[in-house]
Each structure stands twice: as structure tokens, then as C-alpha cells.
Amino acid sequence: MARYSMLIDLTRCIGCDACTLACKQENGTPYDTFFARVLNVESGKYPNVKRIYVPVLCNHCDDPACLKSCPNKAIVRRQDGIVLVDQERCKGTGACVSACPYGNIILHRNEEEWYLDETERYEKEFVKKRLKQNVARKCTYCAHRVDQGLNPACVVACPTTARIFGDLDDPNSEVSIYIQEQAEQTGRKPFHLLEEAGTQPAGCYLATMAEQVPHTMGQTDGIGEAKDYESRRTARGRK
């Protein structure tokens, strides 16, 4: 049986949010509901500060805390590892929202606003049928697409191929081959967010490769402090 996973290469992510937009289009989510967020993270200390873009989404855990916490048994984990919220069984208790250590389950209790008038065909025939109000929602790995042999919408939309999706149990899948290639070529191995939570997430990441040390001190024209910084950098034996 397949074991689906989303691998995100942080070196390739440029923070364009194409994945976020593609996800909203595919899932028809209302205002302030994002299944595919991109975090802007500052790392390091001045002057060696770098910005890293970290896409986050449901990790479709092997031992999902949300599933165990749901009093209505509305959350199921398919044999292929995809974790889904049954919109019919969910009663909106919010237990899963509190249980998820990643903050990737959304529950709006207030009246929701949508981008288009509810009489529009997209809203009426595509969105309203699948998304009920006052129930929990989250990324589904676009299960409706995966079941047709397609990649999730966010994977298709990514212009830098930072997202690689596939079956971890298949050594010939795209994600398995990419993991093997990167281990051999760059020495990077996948890691998981908040491993200490014990949920055994399927979603994983590859760390950035570039050192990304700033080459200027606020200037980009090659003069002034930029030259001074290069002198200090050379004096420290850095190449």
C-alpha cells in the first residue's frame, strides 16, 4: 500500500505563495482559511541574518493527535496515510484544533465570508457542496486529485519544484528518488517539524544548503560598508 508524503526542499522555496493561492483555488476556502501557509523565518544573528521560507500544511501523521482527540470519530486515516476530516460527522467541538501540535487545523465559529457571491457556479457547485460551516478543515493532500493519479494543486503550482509528492514506500517514486539523490549529492537528509510531539509526521523537509551570509551591510552598490565587510570577511579567512 502507498504511503504518501510531501517533501519540501527549503533551498528551493522562494516564498512566492503560489502554493497558497493554488490551494485556495482548488479547495475554495473562505477568507482567513489557509491550508497551505508559508512562514517567513529570520535565522541567525546580526550581521549574519538570513530569511528562510517554510511552507507548512497538514503533516498527515502516522499517529495523528487530531484523530485520537476527536470525540465524534470524524477524523480518519486512510490506508495510504492521508488523514481526512469527515465533514458530515464533524460537530465542530474543536478538540482536534487544540490537539494538533502544528496548528494546521482550522475551525471558524463565526459567519464566514466567501470571495464570490454564493449564487456563482464555482461557489454553489464546487465549494458549498464540500465545505460546511462550523466544522474542522485542513489540507487533504488534495485526495480527490491523488485518487485520480494527479499531484496536489500546490505541487503543480510551485514554480521552483520545492514540493515533491509521492509514495515513500515505493523506491521508484519521485519523492523516494529525490531523497536518495539529495543524500548522495548534498548530504542532506529529511527532517520533520516538532518530532518531539510524537505524531510521526509523513510530511518532511530538506534544510537549506546555502550559507546565505549577507555580502553587504545595507548597501548593494559595491561601495562603502560593503567593501569594509568584504575586508573583514577575508581577514577572518573566509572564502
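Every number in this text was worked out from the coordinates using simple rules, so none of it is lab data. Given the structure is predicted, the values throughout are model-derived calculations rather than measurements. Glycine gets a Cβ as well: all are built from the backbone with ideal geometry, and neighbour counts include every protein chain shown.
Please order ARG51, ARG37 by the number of other Cβ within 10 Å, starting at the fewest.
Ranking ARG51, ARG37 by Cβ neighbours within 10 Å, fewest first, gives ARG51, ARG37.
Projecting each Cα onto the charge dipole of the chain (Lys/Arg +1, Asp/Glu -1 at the beta carbon, about the Cα centre), which of CYS23, GLY94, GLY166 comes out farthest on the positive side?
With unit charges placed on the Cβ atoms, the residue in question is GLY94.
Place a point 7 Å from the Cα of LYS132 along the Cα-to-Cβ direction; which residues of the stretch 62-101 have their backbone N under 14 Å from it?
Label zone hits: 72-75, 85-94.
Assigning unit charges at the beta carbon (Lys, Arg +1; Asp, Glu -1) and nothing else, what dipole magnitude in debye, to the nearest 20, does the chain show about its Cα centre?
The dipole of the chain has a size of about 460 debye.
Once both labels are modelled 7 Å past Cα along the beta-carbon direction, what's the ARG37-GLU184 spacing in nm?
Between ARG37 and GLU184, the label points sit 3.8 nm apart.
As I understand it, the dipole of the chain uses +1 on the Cβ of Lys and Arg and -1 on the Cβ of Asp and Glu, about the Cα centre. Which of ALA153, LEU131, LEU10 lies farthest toward its positive end?
Result: LEU10, furthest along the dipole toward the positive end.
Counting only DSSP beta bridges with both residues in the chain, what percent are antiparallel, rounded to the nearest 5?
Counting DSSP beta bridges with both partners in the chain, the antiparallel share is about 85 percent.
Within a 10 angstrom radius of the beta carbon, how do LYS124, LYS73 rank from fewest other beta carbons to most?
LYS73, LYS124
Tell me the label only: which of (1) 1.34; (2) 0.94; (3) 1.05 is Rg/Rh (Cα atoms, Kirkwood Rh) as calculated from this structure?
The listed entry that was calculated here is (3).
Might you list the cysteines of the chain that have no disulfide-compatible partner by the rule of another cysteine's Cβ under 4.7 Å?
Singleton cysteines: CYS13, CYS16, CYS23, CYS61, CYS70, CYS90, CYS100, CYS142, CYS158, CYS204.
Only residues of the stretch 53-70 count here: report those whose backbone N is under 14 Å from the spot 7 Å along Cα→Cβ of GLN25, or say none.
Output list for this probe position: empty.
Pairs of Cα atoms under 8 Å, at least six residues apart: use those to get the relative contact order of the chain, whole percent.
Reported as a whole number, the value is 28 percent.
Using only helices, what value at 222 nm comes out for the chain when you add -39,500 (n - 2.57) per DSSP H run of length 4 or more and divide by the total residues, to the nearest 500 deg cm²/dmol?
-5500 deg cm²/dmol
Grab the other residues whose beta carbon is less than 9 angstrom from that of LEU84, score K and R as +1, D and E as -1, and report the net.
For residues surrounding LEU84, the net value is +2.
For the residue pair ASP117 and LYS91, what label-to-label distance in nm results when each label sits 7 Å from Cα along the Cα-to-beta-carbon direction?
In this crude label model, ASP117 to LYS91 measures out at 3.8 nm.
Exposure proxy check: ILE82, ILE177 ranked by fewest other beta carbons within 10 Å?
With the sparsest Cβ surroundings first, the list reads ILE177, ILE82.
Report, by chain and number, residues whose modeled amide H sits under 5 Å from the one on ASP62, excluding near sequence neighbours (fewer than 5 apart, same chain).
ALA202
Take the alpha-carbon centre of the stretch 28-69, take the same for the stretch 123-167, and report the distance between them in whole Å.
Comparing the Cα centres of the stretch 28-69 and the stretch 123-167, I get a distance of 16 Å.
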